[in-house]
Every structure is written in C-alpha cells, then in structure tokens.
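Read the structure below first, then the notes.
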Amino acid sequence: MLWIVLILLVLVGAFFVMGYNRLVKLRERYRNAFAQIDVQLKRRYDLIPNLVETAKGYMKHERETLEAVTRARNEARQAEEKAAEAPGEPKAMKELMVAEQALTGAMGRFFALSEDYPDLKANQNMLALQEELSTTENRIAFARQGYNDAVMRYNTLRATVPTNIVANAFNFGPAELFEIELEEEREAPEVSF
C-alpha cells in the first residue's frame, strides 16, 4: 500500500513539474515574441521624428498636424515601454493598442495632408523615410503575428485540463493579444506619394 501511495505522489509531482515547465516555456516564447515587436516599434518611433522634421519646412501651415503626430508618437512610445516591462499583461497591452491606434490615425492624417505639397512628395529624404516606414510596418505586422501565435498557444495550454490546475496553483495569468481593433486601422498607413 505504501508503494502505491508513493507512486501516486511521484506521478502527481511529475505532473506538476511538467505542467509548470511547459507553461514557463510558452510564457518565455511570447515574451521573446514581444521583444521582436518591441524592436520594430522602436525603429518606427525613431523614424517618425525624421519624417516630421523633413515635412516641417514644407508644411509650415500644418503645425497642428505635425504636433499631433509627435504627441501620438511619444504616447505610443511610453505605452510600448510599459508593455515591454510586462509583455502579455492585459492592462499594458491594452494601453499599447490604444496608443498605437492613435498613432496610426495621426500618421494617416499626416500622409493625407502631405499629398497637398508636391515639393515634399518629391523630396528624396522624405521618399527614403517613407520606404523605411513602410518596411517597418510590414515587420511589425509579421512580429505581431508571431507574438499573437505564441500568446494563443500559452493561453490555450493555460486553460486546458489538467494544466489549468498548475496554472492556477502557480498564478500563471492569461496573456493579452496585440490586436488592432478597428477595421480601418488594420491597414498600415499609406506612405507612398
């Protein structure tokens, strides 16, 4: 009888160890996937001031739009820094999504307005920056897909029986996806002139 109890204890212990290790592995995968998004977002945040500076000379009467882009970029960068400290944490990810949506809207208005300035459209520096931004937007979309896939695997394992027992016992909370919520904001801003 003692052997049966001992074997059951070993099996239960092995179950908890294996479940815990799988959850940790998947959590680290989605954190790493967020780090890939983080790199691309920082790249985009670094490109935006250069775009604004290039456009300033041409768009002297559009100060409000330029300031809105700068403000949205700064807010998105702050939200990204919070999310980078705790990837997957629901509140931080939601704040990042809201800030990114505001930045996307401001950039859309910026590019729509810049259409009215033919000299700006022909500026080589502006064209190069737009190309860099377009490439970065594609990289962000790719990295976001990898992150969301990793979060989905983690959340699925976390919620399924019997791993949910381990997840609850060791406080493995759900991770938040990084989604764009409004359909018109699902597209990258138009950056071609």
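Brief remarks follow.
- Leu8 vs. criteria crowded, with 18+ Cβ neighbours inside 10 Å, over 12 Å from the mean Cα position of the chain (by Cα) and not acidic (Asp, Glu): no
- Residue within segment 55-66 that is modelled with pLDDT of 95 or more, surrounded by 18 or more Cβ atoms within 10 Å (Cβ to Cβ) and acidic (Asp, Glu) present: no
- Residues of segment 49-65 satisfying the condition of being in contact with a Phe, Trp or Tyr (Cβ under 9 Å, 6 or more places away or on another chain) and in a helix (DSSP H, G or I): Leu51, Val52, Ala55, Thr65
- Residue within segment 99-119 that is at pLDDT 95 or above, part of a helix (DSSP H, G or I) and either at positive phi or among the β-branched types (Val, Ile, Thr) (or both) present: no
- Condition met for Ala33 (aliphatic (A, V, I, L, M), in a helix (DSSP H, G or I), surrounded by 18 or more Cβ atoms within 10 Å (Cβ to Cβ) and touching an Asp or Glu at 6+ places or on another chain (Cβ under 7 Å)): no
- Residue within segment 89-109 that is small (Gly, Ala, Ser) and free of Cβ contacts under 8 Å to residues at least 12 places away in the same chain present: no
The values are calculated or read from the model by the stated rules, or taken from the named source; none is laboratory data. Because the structure is a prediction, the values reported are computed rather than measured. Cβ: placed from backbone, ideal geometry, glycine included. Neighbour counts: every protein chain shown.
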